[in-house]
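One structure is given here, and the rest of the page talks about it.
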Amino acid sequence: MRTKDTLIKKVQATINFYKMLKNGDTVLIGVSSGPDSVCLLHVLKELQDEYNLSLHIAHLNHGFRGAEADEDAMFVQGMGDSLGIPVIAEYSDIPAYARTERKSKQEAAREVRYRFFSSVADKTGADRIALGHTADDQAETFLMRLLRGSGSHGLSGIPPVRERIIRPLIGVFRDEIDEYLSMHDIRYRIDSSNLTAVYLRNKIRLELIPYLAKEYNPNIMETIIRNLNILRDEDIFLGNYVNRIYKDVVINESEVMIQFDAGKLRSCEEPVKRRVIRCAVESVKGEGNVALSFQHVEDALSLLQHDKEGEIHLPSGIVAERSGKIFSIYIKSAV
């Protein structure tokens, strides 16, 4: 049986390997009330003295589950009070936001949630925003992106560190978390929406992964994670190479629009062109905020390949446009 020390040492090894924390950091912990984020909260509380951390909790009520979500917020507040950690909780009507912005519920929730975390981090002076993504989340994300044809960058998984966001549980599997919480009698709440195979991630978690484990590879999760680690290393190498080319083909760049020299970009190798498109989309919309499929990228590149003018509409209000010698990626609502 795993011990408390085993899990905490595993998380600490991840923190140190990726240089997630430094002495004296202020850390904002995103806590939903579910097992993963509750585990993260308790682990960072255990490590508080080790890194001389100042801890804060952020909780967002997404407005999806009525009284159940209200109870989640009260639970998180009570947990913060018992641990002596201040809690900042807010409510957001994400269903209304999704309708207004014509986004999926998942996309809208993610966008509002990260904006909330960033705002609270600014208010609290947080150096880091700690989120409870696990190795299981990595494997599920890999399969989601594989099914969508996301390309090598997407298949490299959720980054352990991105700007001030850190994911200390990224190397921990869900069964380890369950054992840790059970062993130490730590309470948490279950989001009922995670128990039904309605959304793609839930279907992968509840149906596809168990099927793959039963019929093909009982160690499928570990196998996926090993491949993810290889892909991430290769993705970093390719990313550094493409970044040098990217600077040479860019004409103008702002927060909402990237313009390229169409001739220079068209002369690049196919893998480089695909990577440039994805980098441009991430630059104007934020990494992970647009679910680009292989076909989306190919449609955008068709404007280059056939030397024709026009525009291609990508997800989340992103447009790829060819006009004369200029190829642009931009947010439609901002131009």
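The values are calculated or read from the model by the stated rules, or taken from the named source; none is laboratory data. What you see is a predicted model, and the numbers here were worked out from it, not measured in a lab. Because the Cβ atoms are built from the backbone with ideal geometry, glycine has one as well, and the counts that use them run over all protein chains shown. Calculation scope for accessible area: heavy atoms of the full protein, side chains included, ligands and nucleic acids excluded. Shrake-Rupley method; radii C 1.70, N 1.55, O 1.52, S 1.80 Å.
General observations
- For the chain, with +1 on Lys and Arg beta carbons and -1 on Asp and Glu, the positive-most of Tyr91, His313, Leu208 along the dipole: His313
- Assigned charges on the beta-carbon of Lys, Arg, Asp, Glu; the chain dipole about Cα centre (debye): 640 debye
- Fraction of antiparallel bridges per DSSP, the chain only, in percent to nearest 5: 55 percent
- Neighbour cut-off at most 11 other Cβ (10 Å), DSSP loop, trypsin sites (Lys or Arg not before Pro), region 112-207: Arg187
- For the set Lys273/Lys308; Lys103/Lys285; Lys10/Lys123; Lys19/Lys203, the pairs lying more than 25 angstrom apart at their alpha carbons are Lys10/Lys123; Lys19/Lys203.
- Amide H contacts of Ile326 (H built 1.01 Å from N, under 5 Å, at least 5 apart or other chain): Ala262
- Whole-Hz couplings from phi, Karplus 6.51/-1.76/1.60, listed for region 314-325; x for Gly and Pro: 9, x, 6, x, 8, 10, 9, 9, 10, 9, x, 8
- Calculated FRET efficiency for the pair Arg187/Ser267, C-beta based, R₀ 51 Å, to 0.05: 0.30
- Given charges at beta-carbon only (K, R positive; D, E negative), |dipole| of region 225-335 in Debye: 60 debye
- Compactness of the chain, expressed as Rg and Dmax over alpha-carbon positions, Å: 21.2, 65
- Phi-based couplings in Hz for region 39-54 (Karplus 6.51, -1.76, 1.60; Gly and Pro marked x): 4, 4, 4, 5, 5, 5, 5, 5, 8, 4, 5, 4, 10, 6, 8, 9
- These residues, Glu282, Glu101, go from largest to smallest accessible area, 1.4 Å probe, as Glu101, Glu282.
- Spatial separation of Cα centroids for region 1-45 and region 230-275, in angstrom: 35 Å
- Helix 67-83 and the longest principal axis of the Cα set of the chain meet at an angle near 60°.
- Relative to the longest principal axis of the Cα atoms of the chain, the long axis of helix 270-285 lies at roughly 60 degrees.
- Loop GluC sites (Glu not before Pro), region 111-211 (other Cβ atoms within 10 Å of the site Cβ: 11 or fewer; DSSP): Glu163
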